[in-house]
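Here is the structure we will look at, set down as structure tokens.
No value in this document is a laboratory result; all are computed from the given coordinates. In this text, all values refer to a predicted model and were calculated from it rather than measured experimentally. Here the Cβ is made from the backbone with ideal geometry for all residues, glycine too, and neighbour counts use every protein chain on show.
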Amino acid sequence: MHVRILLFAAVCSIAVAAQFSRAAEPAAAKDRPLNILLIMADDVGFECFSSYGSKEYTTPRIDALAKQGIRFTNAHSTPLCTPSRVNLMSGKSNVFNYQDFGIYPNGEPTFANHFQANGYRTAVAGKWQLQSKQPGKGITPEEAGFETWCLWNIPGGARERYWKPSFVQNGKLLNLPRRTFGPDVMTDFLIDFMTQESDKPFLAYYPMILVHDPFVPTPDSEGGERVDKTKRTAKRQKQNYVEMVAYMDKCVGRLVDALQASGQRDNTLVIFTGDNGTNAVLSSRLDGKTVKGGKGYTHDYGTHVPLVVNLPGVVAPGQVNDDLIAFSDFFPTIVQAADLPPKAIKDGDGQSFWPQCLGQPGQQRQWIYGYYFPRPYAAKLDNKYSHYEVRYARNKKYKLYDNGDLYDTISDVMETQPLPIDNADAEQQSARKTLQHALDSFPNKGQAIHHDRVSSDRKPGYQKRSNH
């Protein structure tokens with residue numbers, strides 16, 4: 001009897017010790033300040049990832065992050081690059097602070113400013129597109145809170161981003177070898193930054209160059225840069241894009257591997273997303289349907305982006321969450337994850353989804369608000385990616401525009417047929433009422449745009465969209 005009791009006690013103590021050991025592993029990581037690696041790919045919608053069901057694209061490293069963490073299925077950006085960047089970095093809707101394409105509002109605090117003020121090392125590499133060559137228009141990386149940076153699409157550099165790239169690093173134009181592939185430079189820069197010895201935690205922001213056009217061969221393509229550039233067929237273009245998506249995934253994997261090798265993987269939060277939908281010249285197959293790239297348009301194929309969050313030992317693996325996520329939410333989320341003092345953001349409409357990452361209900365959004373007017377000072381409204389000023393609010397199924405059009409975003413993804421206003425359907429009427437209330441809670445025009453400068457260029461009924 002005593003032997004059995006002792007044996008049982010021994011087994012229990014071993015089990016408890018093993019459980020304590022497993023629990024202590026993430027605790028050790030928590031004892032260190034949390035690092036942040038925020039990755040945002042360029043021009044790639046949710047349909048281009050095998051973790052979201054694609055059979056055309058191969059993204060094993062991002063898929064692994066999703067499998068070992070949480071994957072969100074209802075994350076929405078604005079439909080174009082600059083608006084999404086301003087939204088993400090400031091934690092507020094574009095209706096409050098968006099000024100013009102290629103401009104970040106000067107004096108508007110960013111998440112990097114907040115992390116820097118709280119003792120973090122900060123770096124950014126990739127695509128900037130937030131500063132005009134005109135003095136005083138836009139913001140420099142230093143003003144945005146980044147102490148070190150390597151960027152494309154910033155004053156001082158030239159047009160090329162892939163082969164023979166033109167990048168500016170900490171104010172100096174880089175002289176790169178001819179065979180250099182631009183994304184490798186950016187990835188190397190961030191690896192060097194993340195792995196350098198320091199007693200401070202880091203915030204690394206990677207607004208990637210990939211996979212924006214031009215669609216070019218990558219170093220992993222057959223023939224590499226030497227692929228005949230005269231073959232501009234749709235088939236070759238799509239093949240290049242597929243290979244660019246694979247290379248984007250490879251770059252993400254290199255960053256994760258560097259964190260692992262430097263012993264920082266367990267205390268580095270990795271977030272991956274995209275700035276808007278896929279280029280509209282491309283189509284992909286997903287779940288037996290053709291998904292036409294929606295970049296520049298406010299329907300779901302323009303705004304529905306991937307979102308994966310990974311932190312070993314803290315974010316439980318295998319989670320899939322369909323809560324609505326807006327780009328305003330990233331700022332408060334990473335602040336809460338790092339346990340920093342909250343940032344008081346004037347007109348901030350973001351809310352943290354960090355509790356959801358921890359498997360908790362969190363504060364679930366009932367709707368998302370959207371504002372889109374990317375080029376308010378364009379000479380012509382029919383320029384590429386120009387768009388009439390528009391506001392909308394949407395829940396998981398319905399989307400209401402400020403001209404009264406209500407769409408079922410599930411059965412009518414491309415928004416071809418607005419639902420009748422006098423529809424007797426109780427669900428639709430309830431959605432219309434709730435979403436109208438959401439619209440009414442925001443300004444009815446962009447607060448940072450001088451409307452009198454563009455009013456003469458508007459056509460009657462400007463609130464109608466040119467999505468189709």
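Since only Leu419, Ala393, Ser430 are under comparison, the one whose Cα sits farthest along the positive direction of the charge dipole of region 369-457, derived from C-beta charges on Lys, Arg, Asp and Glu, is Ala393.
Among the listed pairs Lys289/Lys396; Lys137/Lys172; Lys127/Lys235, those whose Cα-Cα separation exceeds 22 Å are Lys127/Lys235.
Given Cα pairs under 8 Å that are at least 6 residues apart, what percent is the relative contact order of the chain? Over the chain, the number comes to 23 percent.
By the gyration tensor of its Cα atoms, with a ≥ b ≥ c the square roots of the eigenvalues, what is the shape of region 92-164: rounded for a/c under 1.5, prolate for a/b over b/c, or oblate? List each step's numbers first, then the result.
Details: a/c = 2.04, a/b = 1.17, b/c = 1.75.
Note, shape of region 92-164 comes out oblate.
Taking every DSSP helix (H) stretch of at least 4 residues in the chain, weighting each as -39,500 (n - 2.57) and dividing the sum by the residue count yields a mean residue ellipticity at 222 nm of -8500 deg cm²/dmol.
Membrane-span-like helices in the chain, defined here as complete DSSP H runs extending at least 27 Å along the helix axis by their C-alpha atoms with mean Kyte-Doolittle hydropathy no lower than 0.5, are 2-30; this is a sequence and geometry rule, not a statement about a membrane.
Neighbours of Pro355, meaning other residues whose beta-carbon lies under 14 angstrom from its beta-carbon, give a summed charge of -2 when Lys and Arg score +1 and Asp and Glu score -1. A simple charge model with +1 on the Cβ of Lys and Arg, -1 on the Cβ of Asp and Glu and nothing else charged puts the dipole of the chain at about 860 debye relative to its Cα centre.
3J(HN,Hα) along region 284-300: 9, 9, 8, 6, x, 10, 8, 10, 7, x, x, 3, x, 10, 8, 6, 4 Hz, from the Karplus curve 6.51 cos²θ - 1.76 cosθ + 1.60 with θ = phi - 60°, whole Hz, x for Gly and Pro.
Sequence-distant contacts, meaning Cα pairs under 8 Å at least 6 residues apart, place the relative contact order of region 369-457 at 25 percent.
The protection proxy used here, the mean number of other Cβ atoms lying within 10 Å of each residue, ranks peptides 191-197, 362-368 as follows, highest first: 362-368, 191-197. Amide H contacts of Ala75: Val305, Ile325, each under 5 Å away and 5 or more positions distant or on a separate chain (H built 1.01 Å from N in the peptide plane; Pro and chain starts excluded). If both residues of a DSSP beta bridge must be in region 31-367, then about 40% of such bridges are antiparallel. Backbone geometry of region 202-209 corresponds, through the Karplus equation with coefficients 6.51, -1.76 and 1.60 at θ = phi - 60°, to 3J(HN,Hα) couplings of 10, 10, 10, 10, 10, x, 4, 7 Hz, x marking Gly and Pro.
Placing unit charges on the Cβ atoms only, positive for Lys and Arg and negative for Asp and Glu, gives region 180-327 a dipole magnitude near 820 debye about its Cα centre. Each other residue within a Cβ distance under 11 Å of Asn423 adds +1 if Lys or Arg and -1 if Asp or Glu, for a net charge of -3. Between the listed residues Asn74, Met208, Gly370, the Cα displaced farthest toward the positive end of the dipole of the chain, a dipole computed from Cβ unit charges relative to the Cα centre, is found at Met208.
Normalised by residue number, the volume inside the convex hull of the Cα atoms of region 230-290 is 128 Å³ per residue.
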